[in-house]
Amino acid sequence: MLKRIIAVLATATLAIGLALGAATAASAHNPNYDPTCTGFSFNMTSWGAGKSNYITFTVDGTKLEDRTKFGDNFVKTYDFAKLGIDPTAAHSWSWSVDAQDDGWDRSASGTWIPCANTGLTCEVSTLYKGSALTNGDHINMNVVYPNGNGGSSDVFQVNASVDKAQTPPQDPASESGLVGRIKLPSGNVTLPLTNAQVKSGILSFEYAKGWTGTYSV
C-alpha cells in the first residue's frame, strides 16, 4: 500500500512538473529593450527557434530595421554617435514585432530623455607623472578651431615637452637645467622650469595662452 501511495505521489509530481514546464514555454517571448541617451538596445529572447519573426525599429521617422527577420533571439545595440544621432537632443522611437506565434505581436514607442549637456570648458591639459620631470616628458593635444573659411575648421597639434636647456640666449636661463617647449600656431614658446616645478612631476598647458574664442580639444 505504501509503495502504491509513493508511486501515485511520484506520478502527480511529474505531472505538475510537466505542467509548469509547459507554462514556462508558453510565457516566453521576452520583449526586452532599453532606450538610453547614447543609444538603444534590444535583448529579445525566446521567440521560438526556427520561427519567422519580424522586427521594425524607427528613430525620428527613419527605419533602422524594416521587417528584419529573426528567430529565437534578437539582440542588437545601436550607438547614436556612430549613427550621427545627436545624444543631447530628444528623439522619438518606436518598434514592433510581427511574431509567428499567435497572440505575441508586440510594440512600443516613446521619446527618450537626451543626455545632459554638461557645458564643460577645457581650460588646461595636465600630465601628472608621479615622479620628477625629466628630459623627454611630453603631452600632445589636438585642438580644433574655426579658421574663418566658411565655417570649416583647422586641427592643430599642441605639444608641450620637457627638454634640456640650451646655453642662453638660445634658451632662457633655467635653474633646473630643463625647459618646457610648447608648440603653438603662433610659434614655439620656451619656458624655464624651476627646481620646484621639476620636482612636482606636473606638466601643464593652459589653452588660453594659445587660443581665444571657441575651440575643442
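None of the figures in this text is laboratory data; all of them are computed from the coordinates on show. Everything quoted here is computed from the prediction, not taken from an experiment. A quick note on method: Cβ atoms are made from the backbone with ideal geometry, for glycine too, and the neighbour counts reach across all protein chains shown.
Quick notes on this one:
- Here the Karplus relation 6.51 cos²θ - 1.76 cosθ + 1.60, evaluated at θ = phi - 60°, turns the backbone of the stretch 90-95 into coupling constants of 6, 9, 8, 9, 7, 9 Hz, with x for every Gly and Pro.
- Karplus-derived 3J(HN,Hα), 6.51/-1.76/1.60, for each residue of the stretch 181-193, Hz, glycine and proline x: 10, 10, 9, 10, x, 7, x, 8, 10, 10, 10, x, 10
- Between S186 and N140, the modelled labels are 2.5 nm apart [label points 7 Å from Cα along Cα→Cβ].
- The length gained on full extension between T36 and K82, counted as 0.36 nm times the residue separation minus their Cα-Cα distance, comes to 15.1 nm.
- Taking every Cα-Cα distance in the stretch 29-112 and sorting them into 5 Å bins starting at zero, the pair-distance distribution P(r) comes out as 3, 14, 28, 24, 15, 9, 5, 1 percent.
- One decimal place: the segment A89-D60 gains 9.3 nm when fully extended, by the rule 0.36 nm per residue minus the C-alpha distance.
- The stretch 124-209 - Rg (one decimal) and Dmax (whole number), Cα, Å: 14.6, 47
- Sites S204 and A173 - FRET efficiency at Förster radius 35 Å, r taken between beta-carbons, to 0.05: 0.95
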